[in-house]
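In what follows, a structure is listed as structure tokens, so that the remarks can point back to it.
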Amino acid sequence: MAEEFIRPAIKNLQEYVPGKTPEKAGVIKLASNENPFGPSPLALAAIIKESKHLHIYPDQKSIVLREALSKKLGVKSDNIIAGNGSDEIMQLAAATFLRPGEEVIIPAHTFSLYKTFTQIFDGQPVVVALNNLEQDLEAMAKAVTKRTKLIFLCNPHNPTGTYLSAKQLDAFLNKIPDNVLVVLDEAYAEYAEAADFPGSIKYLKTDKNILILRTFSKFYGLAGLRVGYGLAKPELISYMFRVKSPFNVNRLAQAGALAALDDADFKDKTYQNNVGGKSYLYAELDKRGVEYKKTESNFIFINLKMSADEMFLQMMKKSVIIRPLTSFGLSKAVRVSIGTKEQNKKFILALAGLLLA
């Protein structure tokens, strides 16, 4: 097809680079921050039951799931929109609110889709450097201009695992004009341990323009179903509903997410495994003098003295898949998901072998 048929914004897009999937038995994947226990058992049972109704279209507004979330979170169902993963909610936000040429402020070395969706809708990305691998809220606030429409924040931050405290976020939001929408991606919030991690739901009861993103992919073990949701003022949500495609969240995803919400045993198991896994990995990395960032998520950011791509290949030979952060613009860093006790030990043994080589 002749190049003139392609929109200019699309020509410069970079294709998303996912973590590698195991191709043989015995390989452990610690690249994509998936739940190492698989899906919630209650979710799995609900999915099997729901599979008998696959000839019928799903609820186009995910009403039952949104009502359950509203009760869980203490908000109105009108504050919630469900999506085909939280990725879709990001795309809906850009499609609904972003005009061509308007600016979108994005932290450097972060989830690539923030920039991708900005470019798809002819927005102008404004990338702000990290400060010691943390999002620099002061610099991001100073980057706001009359052309700014959206700001993306990631809390905890992917891929560094660092976080924004309640005090930091409050101060930042107070500096942002009313005509700017802050998109707060909380894909990993359920893993956060910090006492001062923000309770972001409170912002929905203020006049702040904020869109909070959550997902069932990580903590709830449903990455393969692709279901997430956004939380914002009802008037903003209502316009996003006009943009979203019909039946965007399939029947199995709605049923699985609904059941997973109430699987207390699974959620506790997931959380406690992550707490224990972090402690173990910190201790083992410290023993070996490996530089890393303490995390509020289910992964650990590791700085290397070698190429991340080379480390990835060497670990692959030892049947361990990690995430080189070259696609994030960090050529000497990797991200390692926290797995089960056995997976964490296998990672450390593989890493130790490389460090001694």
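Readers should treat all values here as calculations from the given coordinates under stated rules, not as data from a laboratory. This is a predicted model, so every value here is computed, not measured. Here Cβ is always computed from backbone atoms with ideal geometry, including for glycine, and neighbour counts include all displayed protein chains.
Points worth noting:
- Rg to Rh, two decimals, where the chain supplies the alpha carbon set and Rh follows Kirkwood: 0.96
- Bridges between two residues of the range 41-261, per DSSP, are antiparallel at a rate of about 35%.
- Label separation (Glu4 vs Thr206): 5.2 nm, computed from points 7 Å beyond Cα along the C-beta direction.
- For the range 41-71 and the range 321-357, distance of Cα centres in Å: 36 Å
- Separation between Cα centres of the range 245-312 and the range 90-143, rounded to whole Å: 24 Å
- Helix-only [θ]222 nm of the chain, DSSP H runs n ≥ 4, -39500 (n - 2.57) each, per residue, nearest 500: -11000 deg cm²/dmol
- Note on Lys208: lysines with a C-alpha under 17 Å away, same-chain residues under 8 apart excluded, are Lys76, Lys149, Lys167, Lys175, Lys233.
- Among Met306, Met90, Met240: highest mean-square fluctuation, GNM of the chain, C-alpha pairs under 10 Å: Met306
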